[in-house]
1. Counting only other residues whose beta carbon sits under 12 Å from that of residue 674, what net charge do I get with K and R as +1, D and E as -1?
2. Given 78/324; 583/800; 674/776, which pairs have Cα atoms separated by over 26 Å?
3. Sequence neighbours fewer than 8 away in the same chain don't count; with that in mind, list the lysines whose C-alpha is under 25 Å from residue 584.
4. Cross-link partners among aspartates and glutamates for residue 211, C-alpha distance below 12 Å, same-chain residues fewer than 8 apart left out?
5. Subtract the Cα-Cα distance of residue 227 and residue 591 from 0.36 nm times their separation in residues, and report this length gain in nm to one decimal.
6. For the range 748-795, count all C-alpha to C-alpha pairs, find those more than 17 Å apart, and express that count as a whole percent of the total.
7. Stokes-Einstein diffusion coefficient for the range 486-562 at 10 °C in a medium of 1.306 mPa s, Rh from the Kirkwood formula over Cα pairs: what value in µm²/s?
8. Tell me the volume per residue, in Å³, of the convex hull enclosing the alpha carbons of the range 129-242.
Amino acid sequence: MHTPARKRLVMIGNGMAGIRFLEHLLKLSPESYEITIFGAEPHPNYNRIMLSTVLAGGTDISEIVLNDWNWYEDNGIKLYAGHRVQHIDIESRRVVSDQGVVAAYDVLVMATGSSPYMLPVPGAAKEGVIGFRDIKDCETMFEVSRKYKKAAVIGGGLLGLEAARGLLNLGMDVTVIHLHGELMDRQLDSPASRMLKRELQNQGMKFLMNKQTEYIGGRKRVTHITFTDDTLLETDLVVMAVGIRPNMELAKDAGIPVGRGILVNDYMSTQVEGIYAVGECAEHRGISYGLVAPLYKQGAVLAKHLAGVPTEGYHGSMTSTKLKVSGVNVFSAGEFKGSEDTRSMCYQDEVEGIYKKIVLRGDKLVGSVLFGDTGDGPMLFSLMKSGESVAGREKELLLGYAPGKSQADPVQRLAAMPDDEIVCGCNGVSKAAIADAISNKGCTTVGAIKACTKATGSCGGCKPVVEGLLTLYAGEEASVNVKEGICGCTPLGRDEIIQSMKSMGLKSVKETMNVLGWGEPEGCSKCRPALNYYLGMLWPDSYEDEGESRITNERYHANIQKDGTYSVVPRIYGGVTSPSELKKIAEVAERYEVPLVKFTGGQRLDLLGVKKEDLPGMWEDLDMASGYAYGKTLRTVKTCVGNTFCRFGTQDAMAMGVRLEKAYERINTPSKFKMAVSGCPRNCAEATIKDFGVVAIDGGWELHVGGNGGVKVRATDLLCTVRTEDEVMEWSGAFLQYYRENASWNERTAHWVERVGLDSIIEALKQPEDRQALLKRLEIALEQTRDPWKEIIHDPSLRKNFEPLAVSGMIHPGE
Ligand SMILES: Cc1cc2nc3c(=O)[nH]c(=O)nc-3n(C[C@H](O)[C@H](O)[C@H](O)COP(=O)(O)OP(=O)(O)OC[C@H]3O[C@@H](n4cnc5c(N)ncnc54)[C@H](O)[C@@H]3O)c2cc1C
Ligand SMILES: NC(=O)c1ccc[n+]([C@@H]2O[C@H](COP(=O)([O-])OP(=O)(O)OC[C@H]3O[C@@H](n4cnc5c(N)ncnc54)[C@H](O)[C@@H]3O)[C@@H](O)[C@H]2O)c1
Ligand code: SF4
Ligand code: FES
């Protein structure tokens with residue numbers, strides 16, 4: 001029930017600005033509010049900025065999550081992911097989601113961000129015409145690039161060029177269509193824009209300048225674009241990147257005053273009492289910002305205001321931008337174009353590809369554009385913000401600190417940088433704060449500095465400067481030799497940690513963190529589950545698994561869905577079932593009013609939409625083993641019918657699959673592990689895209705490893721060929737244990753096999769005695785496994801965790 005002492009805070013929007021605001025609030029006043037969030041996207045908060053890097057192949061979607069599901073739970077936040085708020089009733093102080101959830105609030109925070117502006121030209125609704133804003137757009141581009149060749153990006157701004165670079169990396173033929181004669185006309189002057197275009201053309205990007213889109217052609221799907229000058233471009237994909245519009249309709253419909261965005265004062269308060277707005281959706285003093293640095297400042301101010309901490313309020317921000325296209329360094333800030341009352345100085349070297357411009361008003365620096373060498377960007381930007389006089393230093397500012405020193409000596413430049421200069425614009429981190437993290441807090445890697453200060457955690461544009469500061473303060477040796485740790489809490493890598501666990505006999509997550517000097521005493525969502533896994537792998541017969549170090553799905557032994565319900569997948573060995581088993585599943589599905597029953601890709605039955613509190617009852621009624629559809633363990637062994645029924649079959653694929661699944665179910669693995677068995681080389685069970693695939697041949701079996709059918713499809717490598725089913729068991733078990741002992745936590749076999757090389761794996765497994773030793777260790781680990789569903793059913797204290805959470809302020813229709 002709602003405690004009267006705690007106010008109910010409802011936030012609409014689960015994005016970067018909103019969650020940063022909450023992080024501040026939770027630090028300042030963790031007990032004051034009961035927090036509920038509605039997020040239209042079915043994801044926890046992720047780094048939207050990094051979508052450009054994901055698209056360009058520089059990182060993975062799973063790597064850009066900023067606050068994972070556990071973060072919400074650990075902070076007692078009720079998150080409705082996949083819920084779009086449709087209505088705000090400012091009289092009764094309630095919001096209603098598109099799925100009918102009603103939440104009452106005392107304080108409402110609008111953090112709804114923006115949407116891409118889609119040009120209102122005929123054909124814009126056709127298939128293949130998208131914006132670039134979220135994970136879904138990224139996934140669409142991945143998918144399209146697999147089927148089609150030609151892409152057009154409309155808009156030659158920051159977003160358009162980053163999208164175009166990503167699509168080039170995906171192998172597409174990319175044309176950028178721009179309305180004006182100069183790219184990034186909102187950020188660059190003519191010379192910088194020209195140099196940028198030349199560089200991008202060298203990278204393979206094509207351009208159509210001074211083109212106005214008139215019509216997007218094609219029947220159902222886009223096939224071409226026509227322009228107002230009667231020219232035409234054939235294309236299979238159109239990405240619109242012509243600016244953004246704040247999401248403010250919801251506020252407007254509720255009667256909250258809006259302009260270009262939701263109108264707010266210096267405390268981020270709208271004109272309706274108790275309702276605030278933060279981030280791109282807000283309009284402050286006539287400006288809606290589209291970069292995170294100002295939005296994070298707004299969040300900090302709002303948090304202070306709501307925590308009752310004195311604040312001077314938010315007074316607006318000067319912004320700087322940096323294009324995130326590898327090999328192209330572009331920086332721009334302030335009044336870079338200049339005007340009648342400004343003077344400018346330029347340095348242009350088209351041979352080396354360097355252009356620098358500073359703009360002065362009186363004795364103050366008011367703008368700058370840098371191309372090629374952007375190392376001085378943060379320093380120039382901080383001078384602009386401070387508004388101090390730069391009289392007599394103009395040439396030095398243009399050409400770099402310490403005249404006479406080589407331009408290419410970045411460490412010298414960093415040494416001369418003032419202490420209060422902001423290095424990480426996104427997170428407002430100064431040179432002094434980074435120096436302190438390195439010199440006094442023991443940070444010896446960029447990851448550790450990120451964990452300590454948040455610098456480099458958003459766009460990553462400041463990483464070169466942070467690396468330079470690391471060299472400056474920790475020494476050439478240190479910064480060159482130190483490897484990245486498993487996460488920002490430690491500079492230690494996986495192998496060093498495991499080595500220390502072994503040599504020092506470390507037996508718990510807490511002890512490991514204490515002894516190895518973790519930066520964050522509680523660890524984070526990356527290191528805690530990793531340590532938990534490594535300890536379990538090393539000490540299988542004595543280590544007590546730490547449930548709280550596991551991710552939500554593994555804590556509840558069910559897969560959480562986007563609406564907060566769970567899915568139940570009972571174990572069906574080898575995908576082979578019986579009428580009585582099917583009847584039982586059907587009865588349970590009816591009894592618990594399961595909204596959806598579906599076959600999974602791994603030939604199992606998935607009961608979707610189950611309430612958390614119904615899970616133990618369902619497991620009890622099913623009386624089947626957990627199918628572990630949620631865990632880092634053996635998921636499923638998919639089989640074809642094999643020679644039992646199929647006329648092509650050479651071996652009994654079903655029996656082989658059932659034997660494998662019964663042998664290895666429940667074993668913890670670094671990442672999920674999928675298997676399949678096909679009864680002949682026709683390979684109907686798709687064994688060659690599994691972690692371990694078994695394909696029957698005449699007189700034996702081929703054993704394949706390291707396959708993956710996900711975003712990056714990878715076909716398996718052939719490990720070996722064997723004759724008997726017993727040999728299949730011997731090799732599969734040895735491979736499984738070798739993977740358990742040698743891969744990093746969360747590393748799929750596809751990545752691991754590529755990283756360590758198939759030859760090294762064959763070398764480790766080829767001697768029978770080595771395989772036997774591995775099998776013995778696997779056996780010990782397997783002996784400790786227990787079915788989690790059964791454990792929970794029979795233990796009232798565990799069962800208690802599944803009782804419904806009383807969330808005050810949450811009123812479901814009909815209640
Ligand atoms: C590809 C890309 C690259 C970028 N690169 C940079 C960069 O390098 N540097 C930089 O500073 N900025 C960059 N940005 C901009 C930056 O990501 C945004 O400024 C920032 O994410 C805005 O934060 P926000 O919380 O206001 O909005 P968002 O992060 O968009 O979050 C708003 C959330 O609210 C949800 N929502 C909206 N309406 C509702 C509703 N009615 N109910 C429930 N939920 C709702 C949305 O689905 C969304 O998840 C980039 C943006 C993109 C798309
Ligand atoms: N590196 C970064 O900082 C970064 C990266 C990506 C996105 N973002 C942010 O995301 C938001 C969206 O970026 P954006 O690039 O879409 O916005 P933008 O407004 O910066 O650029 C849009 C560009 O499209 C052009 N344009 C407008 N109408 C056109 C038309 N009909 N045909 C062709 N071109 C047309 C404009 O001239 C402009 O250059 C911005 O707030 C931006 O700051 C920032
Ligand atoms: S893989 Fe071979 S044995 Fe199995 S179903 Fe296909 S054709 Fe039949
Ligand atoms: S400047 Fe963007 S993360 Fe530091």
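The values are calculated or read from the model by the stated rules, or taken from the named source; none is laboratory data. Just so it is clear, the model here is predicted, and its values are computed rather than measured. FYI the Cβ positions are ideal-geometry reconstructions off the backbone, even for glycines, and counts take in every protein chain you see. Heads up: the accessible areas ignore ligands, DNA and RNA and are worked out on the full protein's heavy atoms, side chains in. Shrake-Rupley method; radii C 1.70, N 1.55, O 1.52, S 1.80 Å.
1. On the way: positive: 604, 632, 635, 638, 672, 690, 748; negative: 661, 686, 691.
Residues near residue 674 contribute +4 overall.
2. 78/324; 583/800
3. Here the lysines satisfying the reach criterion relative to residue 584 are 598, 611, 612, 638, 662, 790.
4. 182, 229, 230
5. 125.1 nm
6. When all Cα pairs of the range 748-795 are counted, 60 percent exceed 17 Å.
7. The calculation lands on 123 µm²/s.
8. 91
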